[in-house]
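A.B. asks: Please see the structure below; I have some questions.
Just so it is clear, none of the values below were taken in a lab; they were calculated from the coordinates. Since we're looking at a predicted model, the values are computed, not measured. Here the Cβ positions follow ideal geometry from the backbone for every residue, glycine too, while neighbour counts run over all protein chains shown.
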Amino acid sequence: MAIYNPGPCKLQGAVPIAGSKNASLPLLASSLLFNGELKLRNVPDLIDIGVLLNLMRDLGSCVVIEHQQLSLTHQAQGKAPHICPQKASKIRGSVLLLAPLLGRYGEILLPLPGGCHIGKRPIDFHLYALEQLGAQFSLLPQGIYGHLPRGHFTGGHIIFPKPTVTGTENALMAAAVAQGTTCIENHAQDDEVHELITLLQQCGVAIETSEDAIEVQGVGRLLTPPPESFEVCADRMEAGTFLAACGITQGDILLKYRRCPGLETVLEHLDAMGMSLSLNENGLHASVLQPLKARSFTTAPHPGFPTDLQAPFLALNCVSDGKSVVEETIWENRFLHAKEFLKMGAQLEVMPNQTSIQGVRELHGAEIQAHDLRGSAASILLSLRAKGPSLILGAESHFERGYSFFLEKLSRLGAKLEKTTATRLGAILEKQHA
Ligand code: EPU
């Protein structure tokens, strides 16, 4: 399946921002640590969430979705259930089952997790963290086998070699049910991690956070869910993607959300580029009143510039005035989209961890290949600025993993995107002229 875009457009109107994918994944996985029903609201409807829910149903979780609320109950005790390797290898989020299943059953066989091909994606930090809390692991042909020789996690001291988002989340979930106190240093400070901390605190786990460390007083048993449902924050990566879309198409957009923490770095960046931004009671209004100035950035752990917005903001620099340099420090293979942008007339020099850009005002449509979740979204956005038709091959299988109703939302803002089975742009154009 490919995405066909007949030509340029200026995005205008209001767009609702869905709940955060990367906050929802650990919250869903954490339900395995509860005795009783965990209720969540604002969980986004997208493929990665569906795959995790599917995996959890296989593990014995009862998942009920009603009136925009998702309820999860896990009754099963006894022997650790089997995790389907085909499903686990589809998403990186499956690594988040590690601590909850170990905490609940005392053992786990985790097939190696998957995800976008943006770098090596090891899980050594996860294993190290849980070893500090008493787990033991061995590598088997079917995956990682882990067990808790004492039958439970025991508080300990974790110092991550570098901040890891899902690693910190696994450490937090293990620490919450451990016997004793855990200190986690050099942890990820992303707002998605804070959503998990807030849920655990609402369940009576005492957690203190500072820039340097997180201290968790483990409760030594399964958790009791909060009586009220927990509302997941809005997705800052989706919000950032639509802000980049606004800049690329020189549009005028209202982003509608109730709570979207963690956007500050991106908003400062766009303000410095010249985008007009104002917060009101309905959300965030963004508009482009004059050509934007390209701005260099380097991705870094939170609160640095988020790697998940590197692709859309690199696309924005391609059509903003002046020279810029984008440096990627988190993932070693996250510039595949930049090479595709060359085909639309963008002026770029792509190096392994850095791309230099000379902004241009005009691009032309082209046939380009999508390679990963964020890159595929960025390619679609850049095509909205290009004169003439574009075909983005393989995009859907990537962007539907992380953006809910992406095409529908862009269409409501004025884009004329279509899904097609065509594999050549030339063939579509020939058919149109026949
Ligand atoms: N790392 C290791 N060993 C580990 C874990 C991480 O060396 O055991 C390294 C990684 O190779 C990387 C760095 O540490 O260089 C940071 O990786 P991190 O563990 O933080 O990434 P993650 O938890 O696997 C989450 C998001 C990603 C996002 C990164 C960085 C989820 C489900 N995924 O991944 O999101 O890019 O943090 O912010 O939360 C996306 O949504 O498109 C996406 C890829």
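A.B. asks: If region 224-358 were replaced by its equivalent ellipsoid, with semi-axes equal to the square roots of 5 times the Cα gyration tensor eigenvalues, what would those be, largest first, whole Å? Show your work: numbers first, answer last.
C.D. replies: Details: eigenvalues 155, 75, 27 Å².
Taking √(5λ) for each Cα gyration eigenvalue gives 28, 19, 12 Å.
A.B. asks: With +1 assigned to the C-beta of every Lys and Arg and -1 to the C-beta of every Asp and Glu, and no other charges, what is the dipole magnitude of the chain about the Cα centre in debye, to the nearest 20? Before the final figure, lay out each step's value.
C.D. replies: Details: 36 positive and 42 negative charges, 225 e Å.
My answer is approximately 1080 debye.
A.B. asks: Across 10 Å bins from the origin, how do the percents of Cα pairs in region 74-116 run, short distances first?
C.D. replies: Final binned percentages: 30, 52, 17, 1.
A.B. asks: Continuing with the same structure: Grab the beta carbon distance between residue 212 and residue 145, set R0 = 35 Å, and tell me the FRET efficiency rounded to 0.05. If you can, show how the numbers build up before the last one.
C.D. replies: On the way: r = 34 Å, r/R0 = 0.96.
Efficiency, rounded to the nearest 0.05: 0.55.
A.B. asks: Sticking with the crude label model, points 7 Å out along Cα→Cβ, report the distance from residue 423 to residue 287 in nm, one decimal please.
C.D. replies: Between residue 423 and residue 287, the label points sit 4.6 nm apart.
A.B. asks: Students often check this: by mean Cβ neighbours within 10 Å, which of 223-229, 396-402, 52-58 ranks highest, and how do the rest follow?
C.D. replies: Details: 223-229: 16.0, 396-402: 20.7, 52-58: 17.7.
Taking the mean over residues of other Cβ atoms within 10 Å, the ranking is 396-402, 52-58, 223-229.
A.B. asks: Eigenvalues of the Cα gyration tensor times 5, then square-rooted: what semi-axes does that give for region 138-196, in whole angstrom, largest first?
C.D. replies: Working: eigenvalues 89, 52, 23 Å².
Computed over region 138-196, the values are 21, 16, 11 Å.
A.B. asks: Using only C-alpha atoms and all pairs of different ones, pull out the Kirkwood radius for region 39-142 in Å with one decimal.
C.D. replies: Details: mean 1/r = 0.0672 Å⁻¹.
One decimal place: 14.9 Å for the Kirkwood radius.
A.B. asks: Give the Rg (one decimal place) followed by the Dmax (whole number) of the chain, computed from C-alpha coordinates and expressed in Å.
C.D. replies: Taking only Cα atoms of the chain, I get Rg and Dmax of 22.2, 73 Å.
A.B. asks: Name the residue farthest towards the positive end of the dipole of the chain from the options 93, 46, 203, assuming +1 on Cβ of Lys and Arg, -1 on Cβ of Asp and Glu, about the Cα centre.
C.D. replies: Result: 46, furthest along the dipole toward the positive end.
A.B. asks: May I ask you to sort 4, 145 by Cβ crowding, counting other Cβ atoms within 10 Å and putting the fewest first?
C.D. replies: On the way: 4 18, 145 14.
Listing 4, 145 from fewest to most nearby Cβ atoms yields 145, 4.
A.B. asks: Evaluated at 20 °C with a viscosity of 1.002 mPa s, what Stokes-Einstein diffusion coefficient in µm²/s does region 181-221 have when Rh comes from the Kirkwood expression over alpha-carbon pairs? Kindly include the intermediate steps, with their values, before the conclusion.
C.D. replies: Values: Rh = 10.5 Å.
The estimated diffusion coefficient comes to 204 µm²/s.
A.B. asks: Suppose only helical runs count, i.e. DSSP H with n ≥ 4. What mean residue ellipticity at 222 nm does that imply for the chain under -39500 (n - 2.57) per run, divided by all residues and rounded to the nearest 500 deg cm²/dmol? Don't skip to the end; give the middle numbers.
C.D. replies: Details: 15 runs with 140 residues, N = 434.
Rounded to the nearest 500, it is -9000 deg cm²/dmol.
A.B. asks: In addition: Would you give the gap between the C-alpha center of region 1-46 and the C-alpha center of region 127-141, rounded to a whole Å?
C.D. replies: 31
A.B. asks: Students often forget the sequence filter, so: which lysines lie under 20 Å Cα-Cα from residue 323 once same-chain residues fewer than 8 apart are removed?
C.D. replies: By straight Cα distance, residue 323 reaches 293, 339, 343.
A.B. asks: When we measure straight from the Cα of residue 419, which aspartates and glutamates land under 17 angstrom away, once same-chain ones fewer than 8 places off are left out?
C.D. replies: Here the aspartates and glutamates satisfying the reach criterion relative to residue 419 are 367, 396, 400, 408.
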